[in-house]
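A quick write-up on the structure given underneath.
The values are calculated or read from the model by the stated rules, or taken from the named source; none is laboratory data. Keep in mind it's a predicted model, so treat the numbers as computed, not measured. No Cβ is skipped: glycine too gets one built from the backbone with ideal geometry, and neighbour counts run over all protein chains shown. Heavy atoms of the whole protein, side chains included, go into the accessibility calculation; ligands, DNA and RNA do not. Shrake-Rupley method; radii C 1.70, N 1.55, O 1.52, S 1.80 Å.
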Amino acid sequence: QLLHLWDVKPTVIALTATATEEVSADIQKLLSIEKSNTFVTGFARENLAFSVLLGENKEAYIKKYVKANEAEAGIIYAATRKAVESVYEMLHKAGFAVAKYHGGMFEEDRTYEQNRFLNDEVQIMVATNAFGMRINKTNVRYVLHYNMPRNMESYYQEAGRAGRDGLNSECILLYSSSDEQTQRFLIDQAQDRTRIPFELEKLHAMIDYCHTERCLQSYIIDY
């Protein structure tokens, strides 16, 4: 129907930042894009340093890390609203310039907090995965994951918000075994029950990432 808005058929390009081969095939099929008209560039982000820390006291580590990087902008992702509130309160009470963002907040409050971060009024954003779409803040120097995300796609998309200006940045995942239980619980809440086996398969790949001895970026790229 949109094509009727123009007398001459427009050139249309469909873009996505990260897509597995399966997702790419779905896009081609749904939008009737021939393989010869599909172009894939590299997924590697050479300026990002990835690490996974197991068994850390998460609160103590975060306080120490943000103190050491107090002049830099960073995002801390957490899996639940409760975890966001907990990390936010901890940093706020410690005197850090911090904002928060999650789906349980009123829209105007989310917008206010988001703008504070974008305008450099605060240096730290603590958020669930609800935060990040349409965010183009180039000077994010670190992304910390307080909890393990549900899948590799989510992790790379969230971690990839660091270093958009091409400067060296850190992506650190703080893993604990309880993260797996949290994500299994969230997956089990899905309304579409047929998706659960696929989501669990993706979760297992995420868990493998947290335990691999391989180069982390090469693991992500291979995925």
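Taking the criterion of being at pLDDT 95 or above and open to solvent by less than 50 Å² (accessible area, probe 1.4 Å), would at least one residue in region 33-46 satisfy it? So far as region 33-46 goes, no, none of its residues is at pLDDT 95 or above and open to solvent by less than 50 Å² (accessible area, probe 1.4 Å). Residues in region 64-74 include at least one that is closer than 25 Å to T212 by Cβ, at pLDDT 90 or above and not small (G, A, S). Scanning region 4-32 for residues that are surrounded by 12 or more Cβ atoms within 10 Å (Cβ to Cβ), of a type in the set (G, A, S) and in a loop (DSSP other than H, G, I, E, B) yields one hit, A19. Note on region 167-200: residues that are modelled with pLDDT of 95 or more and loosely packed, with under 13 Cβ neighbours inside 10 Å amount to 2. State whether one or more residues within region 170-182 are in a loop (DSSP other than H, G, I, E, B), within 18 Å of S51 (Cβ to Cβ), touching a residue at least 60 places away in the same chain (Cβ under 8 Å) and in contact with a strand residue (DSSP E or B) (Cβ under 7 Å, 6 or more places away or on another chain). Looking through region 170-182, none of the residues is in a loop (DSSP other than H, G, I, E, B), within 18 Å of S51 (Cβ to Cβ), touching a residue at least 60 places away in the same chain (Cβ under 8 Å) and in contact with a strand residue (DSSP E or B) (Cβ under 7 Å, 6 or more places away or on another chain).
Here region 201-223 is the region considered, the condition is being under 19 Å from the mean Cα position of the chain (by Cα) and of a type in the set (D, E), and the residue that is modelled with the lowest pLDDT is D222.
If the condition is being under 21 Å from N139 (Cα atoms) and either crowded, with 16+ Cβ neighbours inside 10 Å or not charged (D, E, K, R) (or both), then region 55-65 contributes I62, K63, Y65.
Evaluation of Q114 against the conditions (1) within 22 Å of K67 (Cα to Cα); (2) in contact with a Ser or Thr (Cβ under 9 Å, 6 or more places away or on another chain) shows that the sole unmet condition is (2).
Scanning region 39-65 for residues that are assigned to a helix (DSSP H, G or I), farther than 24 Å from I220 by Cα and not aliphatic (A, V, I, L, M) yields a total of 5.
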